[in-house]
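Right, one structure below, let's go through it.
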Amino acid sequence: MLTLNAKTRTVLGKKNKLLREKGLIPAVVYGHKAKNQNLELKSLVFNKIFAEAGESSLIDLAIDEAKPVKVLVQDIERDSVTQNIVHVDFHQVREDEKITAETELNFIGESPAVKEAGGVLIKTLDAIKIECLPKDLLHQIDIDLGKLEQIGDIIYVRDLDIPPEVKVLENIDEPIVSIIEPRSQKELEELEEKPEEGALPEGAEEIEKAGEEADKGEETEKQRNKEIKDTNKKFGDEIKVKEEDKKEK
């Protein structure tokens with residue numbers, strides 16, 4: 001278990017900039033039935049631990065040299081320019097309560113379908129969500145690309161080797177990685193070709209024709225409604241005339 005030391009932070013708001021200039025990172029820890037605490041961490045130390053733990057491994061967080069509490073890195077905020085970590089959220093967990101975490105997929109080996117048949121490897125997922133007790137957390141899940149032997153082969157979520165005490169919160173039929181046929185030079189050239197100026201894209205003529213047919217149908221419907229309306233009006237006028245004739249008689 002990795003251990004990280006932290007101190008209670010009294011500097012808040014815009015003054016956090018002063019902490020960062022001293023090589024410290026503002027942080028906060030919160031959790032179920034746990035009081036929120038503002039913390040400060042040594043930047044170099046945290047970066048080293050985070051590189052190993054990520055967001056799916058437990059860390060023993062010792063605050064002001066007190067007894068460590070078990071936490072997960074819940075969220076990190078980075079500087080938009082330097083990409084340096086400027087704030088960290090920790091989630092304190094209880095060992096008897098299940099938690100939800102995102103576990104990275106670690107792709108290992110090489111696919112024969114790529115190496116020998118020239119297939120193209122397509123990755124659909126790079127992490128999955130799981131639910132389990134803190135002690136059963138998976139830091140990462142290895143996926144052997146060597147199992148992709150032919151073009152068209154696919155590894156699904158259901159194919160993962162997951163311990164029974166861990167519940168996967170993903171669609172088991174979701175593809176993770178697959179091998180597709182490479183595009184020919186001709187296909188690539190066709191993709192690069194631009195349609196002539198004024199030319200309609202493929203399928204546009206059918207769409208335009210369908211639109212015209214719909215317009216014609218709409219006009220026909222309007223004409224039919226008008227004829228019905230005129231007929232009703234004419235019929236109504238005739239009835240009105242007959243009633244007036246009766247009154248005169």
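Bear in mind these aren't lab numbers, they're just calculated from the coordinates by the rules spelled out. All figures in this text were calculated on a predicted structure; none of them were measured in a lab. No Cβ is skipped: glycine too gets one built from the backbone with ideal geometry, and neighbour counts run over all protein chains shown.
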When DSSP assigns beta bridges and you keep just the ones with both residues in segment 2-94, what percent turn out antiparallel, to the nearest 5?
-> 65
Mind giving me the FRET efficiency for L2 and R183? R0 is 35 Å, r the Cβ-Cβ distance, nearest 0.05 is fine.
-> 0.20
Rounded to whole Hz, the Karplus (6.51, -1.76, 1.60) HN-Hα couplings of segment 35-50, x for glycine and proline | 6, 5, 10, 8, 10, 10, 10, 6, 4, 4, 5, 5, 4, 5, 5, 5
Projected area, mean over directions - segment 100-192, Cα convex hull, nm² | 7.0
Members of K48/K115; K17/K129; K17/K167; K70/K123; K22/K70 lying beyond 30 Å, as alpha-carbon distances in this model show | K48/K115; K17/K129; K17/K167; K70/K123
Under a Cβ-Cβ cut-off of 14 Å, what is the net charge of the residues other than S111 that fall near it, where Lys and Arg count +1 and Asp and Glu count -1?
-> -3
For the pair K129 and D79, how long in nm is the line joining their label points, each one 7 Å along Cα→Cβ?
-> 3.3
Dipole magnitude of segment 133-186, debye to nearest 20 (Cβ charges: Lys/Arg +1, Asp/Glu -1, about Cα centre) | 220
Zone of R94's modelled label, taken as backbone nitrogen in segment 102-137 under 15 Å from a point 7 Å along Cα→Cβ = 133-135
Given a cut-off of 19 Å, what percent of all Cα-Cα pairs of segment 2-94 lie beyond it?
-> 33
Quick one: which residues, 5 or more positions from F107 or on another chain, have an amide H under 5 Å from its amide H? H modelled 1.01 Å from N in the peptide plane, none for Pro or chain starts.
-> I143
